[in-house]
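In what follows, a single structure is set out as structure tokens and then discussed.
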Amino acid sequence: MTRYRNTQLTWRDVTPYPLFLNRRALMAGAGAALALSGTRAYAEAEETLDVVPGPYSTDEPPNSWDDITTYNNFFEFGTDKGDPARYAEALTTQPWSIEIDGLVERPGRYALNDLLDGIALEERIYRLRCVEAWSMVVPWAGFELATLLDRVGVQEGARYVAFETVLRPDEMRGQRRPILDWPYREGLRLDEAMHPLTILATGVYRRPLANQNGAPIRLVVPWKYGFKSIKSIVRITLTDEEPLNTWQEMAPNEYGFYANVNPEVDHPRWSQANERRIGGGLFARRQPTLMFNGYGDEVAHLYEGMDLRRQF
Ligand code: MTE
């Protein structure tokens with residue numbers, strides 16, 4: 001069961017958690033209806049993650065489980081927002097291992113279970129801002145990427161961290177088409193990777209990640225556009241060269257390496273000044289986008305002296 005070690009006023013005080021559980025119980029009873037939805041595997045999974053509240057959580061109300069698991073970008077399963085929920089069940093997430101290589105003290109292929117051994121999962125309720133100008137609030141369960149990097153030991157010369165998603169066209173129907181240059185790749189500067197806001201998530205709403213959210217383990221970097229938060233990671237490489245990410249490679253004039261949320265730097269094809277919060281209904285007003293997605297106090301210093309229009 002979930003333990004709470006300290007009292008913090010959060011959305012939970014106004015949105016009772018049992019409502020969420022009851023809803024799940026109802027869903028479990030409606031097996032036939034569920035067979036049509038991508039949430040079936042989740043409803044059947046009884047595992048509850050042991051999660052303690054972590055720092056940096058927003059007190060904005062999180063999106064519902066339905067919002068978070070049915071409106072997704074995971075091009076490995078198709079480009080429609082509903083495709084991941086429809087098709088991601090085909091991905092086998094157990095067993096899972098991550099290759100950690102490059103400038104590390106203890107390189108190797110690590111079983112995920114071993115990597116997670118002894119690591120305490122925290123709840124981090126973060127805003128997620130997609131480069132497409134929609135946003136959500138997600139109650140992640142995860143741990144700081146720094147914890148894992150410290151475990152494997154970062155060598156002196158390392159300056160960047162590169163990530164890769166699993167390549168499995170048999171299970172990921174989108175990978176059978178050249179939508180992107182598979183496998184999906186991302187990267188961070190080492191100081192960004194070591195920042196305490198940067199987490200590896202293994203759960204949402206204190207449940208293991210649904211496949212469509214990047215099971216069994218995905219990156220979450222809340223001050224950057226969502227495409228940096230790479231899903232279903234199988235490789236982490238420490239390097240001394242800035243890695244090219246998939247979107248940057250596709251359209252370098254539209255997507256940069258940094259991809260910091262910035263309302264003042266528009267995408268060449270649309271404004272980034274405001275965003276649509278998912279779940280707000282058809283007539284909900286758009287809301288202003290915040291610099292660094294509202295995490296400026298924590299991260300602005302990382303970019304001092306940089307021209308954020310040129311290094312976008
Ligand atoms: N990771 C992989 N491997 N493939 C993807 O297509 N989409 C990214 C990111 N991670 C993507 C990915 C984008 S554009 C966003 S906005 C977020 O995942 C969406 O995460 P969510 O579906 O869990 O909300």
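Listed values, structure above:
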read-out	value
Cα pair count fraction exceeding 24 Å, expressed as % - the stretch 97-208	36 percent
Inter-probe distance in nm under a simple model that places probes 7 Å from Cα toward Cβ, at residue 254 and residue 176	2.5 nm
Length gained when the stretch residue 267-residue 111 is fully extended (0.36 nm per residue, less Cα-Cα span)	52.3 nm
Most fluctuating residue given options 178, 55, 169, as computed from a GNM of the chain linking Cα atoms under 10 Å	178
For the stretch 182-312, diffusion coefficient by Stokes-Einstein and Kirkwood Rh (Cα), 37 °C, 0.692 mPa s, µm²/s	204 µm²/s
Ranked by how many other beta carbons lie within 10 Å on average, peptides 225-237, 108-120, 143-155 from highest	225-237, 143-155, 108-120
Full-stretch length increase - residue 64, residue 308 - with 0.36 nm per residue and alpha-carbon distance subtracted	84.5 nm
Ranking of 172, 306 by count of other Cβ atoms within 10 Å, fewest first	306, 172
Residue among 297, 266, 83 with the largest mean-square fluctuation in a Gaussian network model of the chain, springs linking Cα atoms under 10 Å	297
Calculated FRET efficiency for the pair residue 132/residue 301, C-beta based, R₀ 25 Å, to 0.05	0.35
Alpha carbon Rg of the chain, scaled by the compact-globule rule 2.2 N^0.38 Å	0.96
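Bear in mind that the values in this text are calculations on the coordinates, not laboratory data. All of these numbers come straight from a predicted model, not from anything done at the bench. With ideal geometry, Cβ positions are generated from the backbone for all residues, glycine too; neighbour counts draw on all protein chains shown.
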